[in-house]
Amino acid sequence: MKRSVLIVEDDALVRDVLRSAFEREYNVLEASGCSEAEGLLRNPIDIALIDYMLPDGDGFDILKAVRKVKPDLPIIVMTAYSTEGVVIRALRAGATEYVKKPLILAHLRKKVSDLLGGKSGEGLDEYPMENSRADFLLSGVAAFIEENYASNLTRDELAKQICMNKYKFSKLFNEKFGQSLKSYINSVRAREASKLLKNNLALSITDIANAVGYKNLIYFARVFREIYGMSPREHRMIPPEKLSSQGNLWSIE
């Protein structure tokens, strides 16, 4: 017996594409908005694909409604937004996964297959994916750091935010990003400090250190030197044309 997929998407063209991608393997139920989707929840559903932006609400309204009647249903949120606010809201509302738009159908089909315990089709593994809920949670943490780098960010608080043991959190974060949480936060802060050093000449280095989350100027200078190979003052003195973009940081050409 075919399993059933609920697709909640207001764009008719996108909905048609999604139906075509799944209808050979699954029974497909479709809705263009929140109220229509709620009316389908009495049907057998094995997984739901829910758009974040809908004409009569947002995907989280449906997500919460689904959780009341089908608490264990796998739910994938589809969104063009990957900011900290969207990711954390999705986590708290009970999303299992999220995918970014524009959609890669092979990517999405593999996620659905994985969540339902199936086998992926040939050629789908060429798309790098975050298959586990832990990856989803850690992506949310990374987005949160990008938005709140100037705050007092600690391992214990970030782990608590996603309801994860702090030791497991440290291990998984290191595996996913190839560096420790502390190193990751320092790299984000140093990147932002570099921008301020070049674009806000009226700000003192102490002001910049405070602005990116450092209360200790000596520690800020040490971290900055470790990442850029020079002090903040030396970095500020380099003409902009001598700098080139490289990843998230800046380097001298």
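Coordinate-derived values only; no laboratory data. Just so you know, these numbers come straight off a predicted model, no measurement behind them. We place every Cβ from the backbone using ideal geometry, glycine too, and count neighbours over all the protein chains shown.
Quick notes
- Legend: ranking of residues Met237, Met1, Met230, Met78 from fewest to most surrounding C-beta atoms inside 10 Å; resulting order Met1, Met237, Met230, Met78.
- Fewest-first ranking of Arg236, Arg24, Arg222, using other Cβ atoms within 10 Å as the exposure measure: Arg24, Arg222, Arg236
- Furthest towards positive pole of dipole, Ile162, Leu6, Ala95, structure part the chain, Cβ charges: Ile162
- Considered as an equivalent ellipsoid built on the Cα gyration tensor, segment 134-178 has semi-axes of 15, 12, 9 Å, the largest given first.
- Taking the Cα centre of segment 1-81 as reference, the dipole from Cβ charges on Lys and Arg (+1) and Asp and Glu (-1) amounts to some 440 debye.
- Dipole magnitude for the chain: about 1040 debye, using +1 per Lys or Arg Cβ and -1 per Asp or Glu Cβ, origin at the Cα centre.
- Net length gained if the chain between Ile238 and Glu226 were fully extended (0.36 nm per residue, minus Cα distance): 2.6 nm
- Reach of Lys171 by Cα under 23 Å, taken over lysines that are not fewer than 8 positions away in the same chain: Lys160, Lys182
- For the chain, built as a Gaussian network whose Cα springs stay under 10 Å, the top-fluctuating residue of Thr206, Thr79, Thr96: Thr206
- Our coupling estimate for segment 61-78, obtained by passing each phi through the Karplus curve with A = 6.51, B = -1.76, C = 1.60 and θ = phi - 60°, is 5, 5, 4, 5, 5, 5, 4, 5, 9, 9, x, 9, 5, x, 10, 10, 8, 9 Hz, Gly and Pro reported as x.
- Potential extension, Glu25-Ala211 segment - 0.36 nm per residue separation minus Cα distance: 61.7 nm
- Ascending count of other beta-carbon atoms within 10 Å, so fewest first, for Val66, Val77: Val66, Val77
- Taking each residue as 0.36 nm, the span from Lys168 to Lys68 lengthens on full extension beyond its C-alpha to C-alpha distance by 33.0 nm.
- Using the Cβ-Cβ distance between Glu157 and Lys101 with R0 set to 35 Å, the FRET efficiency works out to roughly 0.70.
- Against the main long axis of the alpha-carbon atoms of the chain, helix 181-199 sits at an angle near 60°.
- FRET efficiency for Ala80 and Leu116, using Cβ-Cβ distance with R0 set to 25 Å, rounded to 0.05: 0.50
- Using a Förster distance of 51 Å, the FRET efficiency for Glu36-Ser204 (Cβ separation, nearest 0.05): 0.35
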